[in-house]
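Have a look at the structure below, then the notes.
The values are calculated or read from the model by the stated rules, or taken from the named source; none is laboratory data. No experiment lies behind these values; they were computed from the predicted model shown. Virtual Cβ from ideal backbone geometry, glycine too; neighbours counted across all protein chains shown. With ligands, DNA and RNA removed, areas are computed over all heavy atoms of the protein, side chains included. Shrake-Rupley method; radii C 1.70, N 1.55, O 1.52, S 1.80 Å.
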Amino acid sequence: MKHLKLTSLLFTALLFSGLSSFAQAQKASPRNEGEGPWPQLIIRGVTLINSTGAPAMGPVDIVVEGNRITNVQAVGSPGVKINPARRPVLKAGGKELQAEGMYLLPGFIDMHGHIGGAEKGSDADYVFKLWMAHGITTIREPGSMNGLDWVLDQKAKSLRNEITAPRIFAYTVFGQGNKTPISTAEQARAWVRENAKKGADGVKFFGASPEVMFAAIDENKKLGLRSAAHHAQTDVGRWNALNSAKAGLTSLEHWYGLPEAMFKDRTVQHYSADYNYLNEQDRFGEAGTLWKQAAEPQSERWKELISQLLALDFTLDPTFNIYEANRDLMRARTVEWHADYTMPKLWDFYSPSWNSHGSYWHSWGTEQENDWKQNYKLWMAFINEYKNRGGRVTAGSDAGFIYELFGFAYIRELELLREAGFHPLEVIKAATLSGAQALGMEKDLGSVEVGKLADFVIVEENPLKNLQVLYGTGAIQLNANNEVIRAGGVKYTIKDGIIYDAKKLLADVKEMVEKEKAKTGYKLVQPGVHQH
C-alpha cells in the first residue's frame, strides 16, 4: 500500500523552523455517544481510588450536579449490606449509576498526546475514541501539529461536549507559523506574545540558541502560559534541561537534556565519527548509550541536579513507553491490539523506512536493545528518585510513533512507571493529579473532591492489583470453570458528568479499522514478511 510518508528531513524542518505543519487529520464528527449530564448523578457503592495518596476506600456514593462533584460519602463497610438511610437521596430528574463492586479513579490525563495525522490514517474520531476508551479525559497536545487553529477548534468543541473527545490543552511548536526562522530574543518574545493572543495554552520547544530559548521561555511564563521541551540533540549541547528549568520551563518531555546536565568528563555525548542526526538509526541508536555517559546514580552531581530541579518546581514527563521498542522491538511490534485497532496507514508508518519519523529499524538487534535496557535502568532510577524526593512526575504517551498506539500506550506508560518503582497509588497520582498540577488545573481536575469537575474512570477490576485491567483488551484470567477469560477494560469513562460506554467506543474503533482494511484489501503483516 503506497501513501505519502513524512521524510526525516521534513520532520526535522517542521520541528525546528515551524514553517509548516503535518497534513491535517480529519476533525471529529458531532457527538452521538454518551448519556447526560443530569441535574444530579449519583454513582452508587463504588470503591474510590483517589490520587491524593489515600488508600482505596469503599463503598462510597459520589454525587455530581451538572458537571461538578458535590459530595463523596462513605456509605458503609465492605461486604456489609448498605443502610439506605446513610445514602444521598436522588433528586427528581436525577440518574443513578449502580457501581457496586467496581472501582472509580479520577479521569486520566495524557500529558503528551498528539492528535494523529493524515499521513498515519489517524483522524480525530479514531484517536479521541481510543483515548476515551482508556479513561483519558484530558490531553495536552504538545506541538499542535495539525495546526493551532485546528486544535483550538477541537478544544472548543470538546469543552462544549459537541464531540466525543478528551479536554484539550493546545501547546504550539515554538516558531510554528512564523514566516522566517526566529534568531533573536526580540523575535522570540514577539512570537510568544502572538501565540498567546491566538489562544494557545503554551509552547513546545525543541531547542534554539540560549538567547532565544531564555527570551521565549521567560516571555511565555510572564504571560501566564505553560511550556514543555524535548531537548533535541541539535541544541542540547548548549542548552540542557537545567538551563530550561532555570529559565522557567514547566516540563521536560522524554529525558533528553537530563544526562547532558550531569556530564562530568565531557560536554557532548560520544557521537561516533560517522554519526548523522538525520539518520534516525544513528540518532536513536546512540541515544541508547547516553545515560551511562552521565554522572552515576547517587553521585554528588546526580543528587545536585535533582535538588536544583526540585527547587524550581520542575515537572518530568518521561514517556517511557514511546522508546520501549528500542529495548524490545519484537514486543512492540507484536502486541495483541495492533491486529484489531491499528489503522493500515499507521502500521505502514511504523514499518522500517528512511522516510517516516521513528521508523528507524534499519539494523536493530541485540546490541542496540541491550544498550537501551541499561539506559532504562538509569533513566528509571532518576525518575523514581525525583518522585521520592517530592518531584512532580506525570504520565504521557506520545503515541502514534514507534509502534505505540493511542490509548493502549498510555496504560503501558502506567505499567512502566510501576516498573520504575512507583507504588500503584503513586502511578495513579502521576496519571491524574500531577498532570493537573502541571497544567495549572488542579482546582478543577486530577482528583475526586467536592467542587472539581466530574471526570472519572470506572472499571470492574482492581487496577491497583493489576494495571493491565485498564487496557481495552483486558487482562487474562482463569475462572472457576477453568475457562480463560478477559477481565477488565474500562467500563465507563465519565467526562463533565457525561457517561460514555468505554467498551462501545473501542468497538467503534475496531469497526473503523475493519472498514479501512476491507476498502483497501489490506492485511497487517510483520516487516519483511510479504503479503499473499
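Within region 245-264, can one find any residue that is under 18 Å from residue 323 (Cα atoms), in contact with a strand residue (DSSP E or B) (Cβ under 6 Å, 6 or more places away or on another chain) and surrounded by 16 or more Cβ atoms within 10 Å (Cβ to Cβ)? Please lay out each step first, then the result.
The first filter runs over region 245-264 and keeps only residues under 18 Å from residue 323 (Cα atoms), leaving 252-259.
Next, from what is left, pick out any that are in contact with a strand residue (DSSP E or B) (Cβ under 6 Å, 6 or more places away or on another chain): 252-253.
Applying the additional criterion that residues be surrounded by 16 or more Cβ atoms within 10 Å (Cβ to Cβ) yields 252-253.
Yes, because at least one residue in region 245-264 is under 18 Å from residue 323 (Cα atoms), in contact with a strand residue (DSSP E or B) (Cβ under 6 Å, 6 or more places away or on another chain) and surrounded by 16 or more Cβ atoms within 10 Å (Cβ to Cβ).
Looking only at residues that are part of a helix (DSSP H, G or I) and among the acidic types (Asp, Glu) in region 403-437, which one is least open to solvent (accessible area, probe 1.4 Å)? Give the derivation first.
Initially, region 403-437 is screened for residues part of a helix (DSSP H, G or I), giving 408-420, 424-431, 433-437.
Subset that is among the acidic types (Asp, Glu): 413, 415, 419, 426.
Working: 413: 0, 415: 32, 419: 95, 426: 67 Å².
Per the criteria, the residue is 413.
Out of 194, 219, I need the residue that is within 23 Å of residue 111 (Cα to Cα), in a helix (DSSP H, G or I) and acidic (Asp, Glu). Which one? So the residue among 194, 219 that is within 23 Å of residue 111 (Cα to Cα), in a helix (DSSP H, G or I) and acidic (Asp, Glu) is 219.
Does residue 118 satisfy the condition of being modelled with pLDDT under 95 and over 19 Å from residue 496 (Cβ atoms)? Steps first, please.
Working: modelled with pLDDT under 95: yes; over 19 Å from residue 496 (Cβ atoms): yes.
Against the criterion (modelled with pLDDT under 95 and over 19 Å from residue 496 (Cβ atoms)), residue 118 qualifies.
Just a yes or no: is a residue in region 74-94 surrounded by fewer than 20 Cβ atoms within 10 Å (Cβ to Cβ), assigned to a strand (DSSP E or B), in contact with a Leu (Cβ under 7 Å, 6 or more places away or on another chain) and not aliphatic (A, V, I, L, M)? So far as region 74-94 goes, no, none of its residues is surrounded by fewer than 20 Cβ atoms within 10 Å (Cβ to Cβ), assigned to a strand (DSSP E or B), in contact with a Leu (Cβ under 7 Å, 6 or more places away or on another chain) and not aliphatic (A, V, I, L, M).
Taking every residue in region 296-316 that is in a helix (DSSP H, G or I) and pairing it with any residue that is among the small types (Gly, Ala, Ser) and surrounded by 14 or more Cβ atoms within 10 Å (Cβ to Cβ), at least 6 positions away or on another chain, the pairs with Cβ-Cβ distances below 6 Å are 301/295; 302/295; 305/261; 309/245; 310/391.
Name the residue, out of 165, 156, that is surrounded by fewer than 22 Cβ atoms within 10 Å (Cβ to Cβ), at pLDDT 95 or above and either in contact with a helix residue (DSSP H, G or I) (Cβ under 8 Å, 6 or more places away or on another chain) or not in a strand (DSSP E or B) (or both). From the options 165, 156, the qualifying one is 156.
Let's see how each residue does on (1) out of contact with any Pro (no Cβ under 8 Å at 6 or more places or on another chain); (2) not hydroxyl-bearing (Ser, Thr, Tyr):
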| site | (1), (2) |
| --- | --- |
| 120 | yes, yes |
| 136 | no, yes |
| 143 | yes, yes |
| 147 | yes, yes |
| 158 | no, no |
| 169 | yes, yes |
| 183 | yes, no |
| 189 | yes, yes |
| 196 | yes, yes |
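Give 7, 70, 52 a once-over and let me know the one that is modelled with pLDDT under 95, out of contact with any Pro (no Cβ under 6 Å at 6 or more places or on another chain) and open to solvent by 50 Å² or more (accessible area, probe 1.4 Å). The conditions single out 7. Of the residues making up region 101-136, just one is over 17 Å from residue 349 (Cα atoms) and basic (Lys, Arg), namely 129. The number of residues in region 479-524 being within 27 Å of the chain's Cα centre (by Cα) and at pLDDT below 95 comes to 1.
Taking the options 435, 440, 407, 446, name whichever one is more than 30 Å from residue 358 (Cα to Cα), modelled with pLDDT of 95 or more and within 16 Å of the chain's Cα centre (by Cα).
Working: 435 fails: more than 30 Å from residue 358 (Cα to Cα); 440 fails: within 16 Å of the chain's Cα centre (by Cα); 407 fails: more than 30 Å from residue 358 (Cα to Cα).
Of the residues listed, the single one that is more than 30 Å from residue 358 (Cα to Cα), modelled with pLDDT of 95 or more and within 16 Å of the chain's Cα centre (by Cα) is 446.
Pairing residues of region 68-97 that are farther than 24 Å from residue 453 by Cβ with residues that are part of a loop (DSSP other than H, G, I, E, B) and among the polar types (S, T, N, Q), at Cβ distances under 7 Å and at least 6 apart in sequence or on separate chains, gives 76/83. In a residue-by-residue description of region 465-476, the property of being closer than 19 Å to residue 47 by Cβ, crowded, with 16+ Cβ neighbours inside 10 Å and among the aromatic types (Phe, Trp, Tyr) applies to no position.
Looking only at region 368-376, decide whether some residue is open to solvent by less than 20 Å² (accessible area, probe 1.4 Å) and in contact (Cβ under 8 Å) with a residue 60 or more places away in the chain. Checked against the condition, which is being open to solvent by less than 20 Å² (accessible area, probe 1.4 Å) and in contact (Cβ under 8 Å) with a residue 60 or more places away in the chain, region 368-376 yields at least one hit.
Against the list (1) buried (at least 17 other Cβ atoms within 10 Å of the Cβ); (2) out of contact with any His (no Cβ under 7 Å at 6 or more places or on another chain); (3) farther than 30 Å from residue 154 by Cα; (4) among the small types (Gly, Ala, Ser), the condition residue 209 fails is (1). Hey, could you check region 266-294 for residues that are among the aliphatic types (A, V, I, L, M) and open to solvent by 40 Å² or more (accessible area, probe 1.4 Å) and say which is modelled with the lowest pLDDT? Per the criteria, the residue is 278.
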